[in-house]
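Asker: Quick one: the structure is below, and I'll ask about it shortly.
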Amino acid sequence: MIPALSVDTDSAEGEVTVPYYGSSPVGSPGRFNPLLLVLPLDGGDIDPIHLTHGRVRGAPSTPVLAPDGRVVVPLPSADAVVTVDVDARIEGALGLFDAPIEAETSLARPTSVSFDRNGDPWVFEADTRSATRFQGDRPTLSLTTTNQDLGQELELGRRLFQTAAESSLSTPGSGVACATCHIDGGTDNNVWPLDGGDRQTPALVSAVAPYTWTLQVDSIADEIHLTSVERMGGSGLTDEQADALAAWVDHLRPVDVPEQDADAVVRGEQVFSHAGCASCHPAPTYTNGMSYALFGLDAVDTPSLLGLDATAPYLHDGRAETLADVIDLSADAGIGSVRGLDDQERADLAAFLASLEEAD
Ligand code: HEC
Ligand code: HEC
């Protein structure tokens, strides 16, 4: 499992803490564990600290070290910031360590915290796009950046997409929001153990029907119902909520892909068509919408190839780390005529694949 984010903080003891969300890497049950992993610099054992405080639970964003030596972690989907006393964990206990945690709630999706020279914390709240200074428990200064007016439906959709505090969408206290996995509408680059097997998170920014890897879901609205009710334990969205969430997913802007070498892309496009890739991945969506018996599944949908550069790992269970790996695996599996390609042609093909993006 890959950490949802991995910006580090040096603590006084020579440790680095990273936020983590997913199946615990160290002896913990459950799939959705919000953890702070304490990594000793000497390479010793990893200490996982549970970031749950009562019902306050959500995927952690970047932790920072407070002047008093505690670690402060924003939990955007829980509208909370928690403060963790890392040193107070129970020494010698097996498996999980619980440290005293305090929570500051009722923030509008806090995504980052920083301390000024007086040691006062500033919290950035993404929903209101404002930076607020706290002194004691009180906000004493708030600076708001220009806010884009999205209109009522998109504002509701954005809120629903980001929150873990809406029982129609997810089990209260589970800490799971759509944005937990589809960070900014993209992907957490993670592979999740779902009922049908391991499935990696597709980016939604270039989503093309049919949806999901294997279930041939026709519309985003149906996929939202499936995910929220059957997978996240929600009680069911109202029509207004479902429409707003679908409108938000539709509104997400395409991923940016870095410029590739133009000559390599042109050569790679020829390789793509000569190798028979376009029969299943025809432009402009780069999917024919059909499913095939591939990679151990009876039927896996042909995904769109738009925005690929931002969506590693690849294939339904994330078995390919890079596009070059997909090309190697396709050669082994006899998909397209890849086996005869030389190294240059494979590199060109990978450059072409990495260049594909949705038109604005
Ligand atoms: C635990 C991580 C996780 C959460 C939370 C989550 N998703 Fe997903 N999403 C996935 C995975 C994994 C798939 C692929 C599922 C499959 O193939 O069955 C997926 C597939 C999708 C797809 C289909 C994309 C495509 O191109 O096929 C859409 C749309 C989607 N999710 C939207 C949402 C929305 C909206 C929410 C919140 C209600 C949500 N997801 C919550 C992980 C997640
Ligand atoms: C017979 C139809 C078919 C052909 C031909 C085909 N593909 Fe695919 N492709 C698929 C299917 C189905 C998947 C999903 C497999 C999975 O997830 O396990 C896939 C997955 C991929 C992916 C991973 C996408 C992602 O988001 O993870 C890439 C990249 C890709 N194909 C590129 C190619 C290239 C390059 C060629 C030509 C060499 C090719 N494909 C030929 C059907 C095909």
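The values are calculated or read from the model by the stated rules, or taken from the named source; none is laboratory data. From a predicted model like this one, the values you see are computed outputs, not experimental measurements. Every residue, glycine as well, gets a Cβ built from its backbone with ideal geometry; the counts of neighbours run over all protein chains shown.
Asker: Within region 163-180, can you find the residues that are in a loop (DSSP other than H, G, I, E, B) and near ligand 1 (Cβ under 8 Å from one of its atoms)?
Answerer: The answer is LEU169, VAL176, ALA177.
Asker: Could you please find all residues in region 306-348 being of a type in the set (A, V, I, L, M, F, W, C) and assigned to a loop (DSSP other than H, G, I, E, B)?
Answerer: Those that are of a type in the set (A, V, I, L, M, F, W, C) and assigned to a loop (DSSP other than H, G, I, E, B): LEU306, ALA312, LEU315, ILE335, VAL338, LEU341.
To keep it simple, each residue is scored yes or no on (1) within 21 Å of ASP239 (Cβ to Cβ); (2) crowded, with 20+ Cβ neighbours inside 10 Å.
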position: GLY151; (1), (2): yes, no
position: SER167; (1), (2): yes, no
position: SER170; (1), (2): yes, yes
position: CYS178; (1), (2): yes, yes
position: THR187; (1), (2): no, yes
position: ASP195; (1), (2): no, no
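Asker: Got a sec? Which of ALA246, ALA312 is outside the structural domain of SER337 (by TED's automatic domain parsing) and touching a residue at least 24 places away in the same chain (Cβ under 8 Å)?
Answerer: ALA246
Asker: Among the residues of region 181-195, is any within 20 Å of PRO34 (Cβ to Cβ), part of a helix (DSSP H, G or I) and more than 11 Å from ligand 1 (Cβ to nearest atom)?
Answerer: Yes, there is a match, as at least one residue in region 181-195 is within 20 Å of PRO34 (Cβ to Cβ), part of a helix (DSSP H, G or I) and more than 11 Å from ligand 1 (Cβ to nearest atom).
Asker: Ok, one more. ASP325: under 28 Å from ASP195 (Cβ atoms), away from ligand 1 (no atom under 12 Å from the Cβ), in the same structural domain as ARG158 (by TED's automatic domain parsing) and not small (Gly, Ala, Ser), yes or no?
Answerer: No; evaluated as a whole, the condition is false for this residue.
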